[in-house]
Amino acid sequence: NNLPENSIASLRHAIDLKLPGSEFDVWRTADDSLVINHDAHYNKLLIEQTNYADLIKFKLSNGEKLPTLHEYISEGKKNNKHTLLVCEIKPSEISKERGKQTAIKAVETIKKLKAYKNTCYISFDYEILKQIRQVDQKTVLQYLEGNKSPKEVKIHNINGVDYHYSVFKKHPEWIKEAKDNNIILNAWTVNEAADMDWIIDHKFNYITTNEPELLSEKLKAKK
């Protein structure tokens, strides 16, 4: 529907479609606001080195303002019985420590909003996931980088491997290993019909896509 990714509108659309999950990306501004945006830059400004007030001078393509984590999660709780809020903590471009602090702040915000039961966390930074596990023993964590086997992530109580689909094509043995070890299987970002077919045929738990309508059609056709 040409809605900007990470917008409140795209989240609402995912919830209205009753999708199993909707993913969003968290950064921390120079003045410690948690905001939702895919890239490190927003309107050519580096989010981590810019104050929140300067970022929101620029609107998203649909006229929305750049959402905060608080606003995004608050919307994600409304009339939502189906859609898991999949919170990606982006690795800091300033320091590893800053990324871990951002993760702690995000978990605190989500707990404060009482949304922890329908939120899970993903990250490319393994240390961020380990940090979240220290402050929350129960939440679901999935690793994105694609450089650890399902058995390896299980050692650190990480619940899932959420890798680029090409990683699983290179390591098909990881699919069985994940299933044998009760590790969640997720693949990103699967937008082509042929790739969707391959993931569906291998019975993954989740498929991350920017084309949920196409994927829904595929899943219906496979039933």
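The values are calculated or read from the model by the stated rules, or taken from the named source; none is laboratory data. Treat the numbers as computed from the prediction; the structure is a model and nothing was measured. Note: ideal-geometry Cβ built from the backbone for every residue, glycine included; neighbour counts use all protein chains shown. We work out accessible area using only protein heavy atoms, side chains counted, and drop any ligands, DNA or RNA first. Shrake-Rupley method; radii C 1.70, N 1.55, O 1.52, S 1.80 Å.
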Summing -39500 (n - 2.57) over the DSSP H runs of n ≥ 4 in the chain and dividing by its residue number, what mean residue ellipticity at 222 nm do you reach, to the nearest 500 deg cm²/dmol? -11000 deg cm²/dmol
State to the nearest 20 debye the size of the charge dipole of the chain about its Cα centre, where the only charges are +1 on K and R beta carbons and -1 on D and E beta carbons. 820
Enter the accessible area per residue of the chain (Å², integer; probe 1.4 Å; all protein chains in place). 51
Pop out the carbon and sulfur fraction of the accessible area of segment 79-223 as a percent, whole number, probe 1.4 Å. 49
Mark the label point 7 Å from the Cα of SER149 along Cα→Cβ and return the residues of segment 178-194 whose backbone N is within less than 11 Å of it. 178
To the nearest Å, what is the center-to-center distance of segment 155-223 and segment 61-96, using C-alpha atoms only? 23
Give the aspartates and glutamates whose C-alpha is closer than 20 Å to that of LYS151, dropping any in the same chain fewer than 8 places away, or say none. ASP125, GLU127, ASP162, GLU173, GLU177, ASP180
Just add up the charged neighbours of PHE58: K/R +1, D/E -1, any other residue whose Cβ is under 14 Å from the Cβ of PHE58. +1
To check you understand DSSP bridge types, tell me what percent of the beta bridges within the chain (both residues inside) are antiparallel, rounded to 5. 25
Mind giving me the nanometre distance, one decimal, between the label points for LYS203 and ALA221, set 7 Å out from Cα along Cα→Cβ? 2.2
Within straight cross-link reach of LYS220, meaning Cα distance under 15 Å, which aspartates and glutamates are found once same-chain residues fewer than 8 apart are removed? ASP197, ASP201, GLU211
If the cut-off is a Cα-Cα distance under 24 Å, which lysines reach LYS148, setting aside same-chain residues fewer than 8 apart in sequence? LYS90, LYS96, LYS100, LYS130, LYS138, LYS169, LYS170, LYS176, LYS179, LYS203
